[in-house]
Structure formats: structure tokens, C-alpha cells
Amino acid sequence: MRKKIVAGNWKMNTTVSEGVALAKAVAAKSVEVPAGVGLVVAPPFTHLVPVAEALAGSKVGLSAQNCADHEKGAYTGEVAVNMLTDAGCQYTILGHSERRQYYGETDEKLVVKTKLALEAGLKVILCVGENLDEREAGKHFEVVTNQTKAVLYTLSAEEMKSIIIAYEPVWAIGTGKTATAEQAEEIHACIRKVLADKFGAEVAEDTTILYGGSCKPSNAKELFAQKDIDGGLIGGAALKADDFIQIALSF
């Protein structure tokens, strides 16, 4: 039975003190969430150590929002994977659409980052997804298939145990738009087939695939009822502990 996960990407929001307060609220409310549902929060880099302390003893995992594509060295402004594990992270998000769009992250760079993260013992939440032009041109399956293959086909079946995929319809992030449950499910099913083609049915069935496009308490239940949707990568709704926990209670 693959794991259900609700992960909160805080993006560039909250001060350190606000983030610690939010983490404490999420940790306190996490006792309401069934044992079979994992919770993860991804605060800004500046928050990682105090948020790790705030989460200590709770069921809530800690994720970074990115990592460097080098182990160490003269790379001003970058954060290496060993810094993340030392700060208490168990996960890192990689390939978020905002990283791809605003900072030019390529699939080639994501291969390097993914390998470094896995070697450091981190689980990787790898984001894939199409933008509005690609969706309207009917290229969404092609785009998502190519992004998935570009990174994950470089891994072994054993390494896939540490991979979580997040499908982001880029046109639905921060816009208030949401892919219908049916639109989301067909892409999730496509991703699972791409995995099965390379790694076999068992690996494909064991891989957690999250939906990452404006998931909120009002639509989470319908999305999570789909066969291939195993949870959510939550943006805005993750900044309110009540909303975040409500989403986690939607399975």
C-alpha cells in the first residue's frame, strides 16, 4: 500500500518566528491525522533549524524547497544537501515549476540534484507539470512524460523508493484554478504508466504521486478519491494550520 502524503510548500512566506509558530500549530494538530497519512512541511532555508526543533517528537517531516547541484564550494547563495540533512531535513522538493520558470532549472540539472539528494539520504519530492500553453496545445501528456523520464529513468528501482512525484498543472498554481479530479487523475495515471514501463508494475504501484495545483480543503476530498492521487503538495493552504490539517483529513 503506497503512502499517502500531504506536504506543505511555504515558498517565500513567513518570518522565522511566524514559521516556528505555524510549525508548532501543525505539529499539535497532527495527532488528529490517521497514522497512514504522512505530513511534511517545507519552510524557507532560514527556518529549517528552528522548525526542526518545533517539530521534534511529532509525526511531521521536514523538507527543504531546493538544494544545490554541488556538494560544497564557492557557490554563493547555494545550500548543499549535507547542510540540509544537518539542519534536520528528511526531504527536499526539486524541480518546482517556479524553479523551472523563474530560475531556468533544467532536467539535466535536476538529475544532478536528485542524485546528490539521494546519496545524502534525503527523499526527493520531484515536481513535473505543464504550463497553460502546453495544456491548450494538447501537449500535457508529452511534457509530463518527458520530464518524468528525463530525471527518473536515470535512477535504479532501489533509488525509486526514495522518490515522491508531485504533478503540478502550472496553470493552476496560485491562480485559484484547479484541474478537475478527472484531469488530475489521467495525468497521475500517465505518470504511473511511465514508471511501470521502466521499472515494472510493482515500483509504479508503490510510488507516491501527489497533486500540486491549488489543492485546498474544499476540493481535496474529490481529488484524493481518485485511484492514482496519493495526496497533495500544498501551497497557500499550507500557511494555515487548520486548512493544512483539514486537507490531510480528506482521505
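Bear in mind that the values in this text are calculations on the coordinates, not laboratory data. Note that the coordinates shown come from a computational prediction; the quantities given were computed from them, not determined experimentally. Neighbour counts are summed over all protein chains in view; Cβ atoms, including those assigned to glycine, are modelled from backbone coordinates with ideal geometry.
Averaging the Cα positions of each part gives two centres, and for the range 136-197 and the range 26-94 these lie 23 Å apart.
Counted by Cβ distance under 15 Å from Pro43, the other residues give a net charge of +1, where Lys and Arg count +1 and Asp and Glu count -1. Summing charges over neighbours of Tyr153, with a neighbour being any other residue whose Cβ is under 10 Å away from its Cβ, gives +1 when K and R count +1 and D and E count -1. Between rounded, prolate and oblate, where does the range 1-131 land on the alpha carbon gyration tensor, with a ≥ b ≥ c its root eigenvalues, rounded for a/c under 1.5, else prolate if a/b exceeds b/c? Taking the square roots of the gyration eigenvalues as a ≥ b ≥ c, the range 1-131 is prolate. Histogrammed with a bin width of 5 Å, the alpha carbon distances of the chain distribute as 1, 7, 15, 19, 21, 18, 13, 6, 1, 0 percent, first bin at zero. Within the range 69-98, the GluC sites (Glu not before Pro) that combine a DSSP coil assignment with at most 15 other C-beta atoms in a 10 angstrom radius are Glu71, Glu78. Kirkwood analysis of the Cα pair distances in the range 104-158 returns a hydrodynamic radius of 12.2 Å. Summed over qualifying helices (DSSP H, 4 residues or more, each -39500 (n - 2.57)) and divided by its residue number, the chain shows a 222 nm mean residue ellipticity of -12000 deg cm²/dmol. Among the aspartates and glutamates, which fall within straight-line cross-link reach of Lys11, defined as a Cα-Cα distance under 13 Å, with same-chain neighbours fewer than 8 residues apart omitted? Cα-Cα hits under 13 Å: Glu98.
With a cut-off of 12 Å between beta carbons, the residues surrounding Ala196 carry a summed charge of -2, where Lys and Arg count +1 and Asp and Glu -1. When you filter the GluC sites (Glu not before Pro) in the range 106-206 for DSSP loop state and at most 15 other Cβ atoms inside 10 Å of their Cβ, you are left with Glu158. Sorting Asp242, Asp230 by the number of Cβ atoms found within 10 Å of their own Cβ, with the fewest placed first, yields Asp242, Asp230. Shape class of the range 97-194 from the alpha-carbon gyration tensor: prolate, with a/c at 1.5 or above and a/b greater than b/c.
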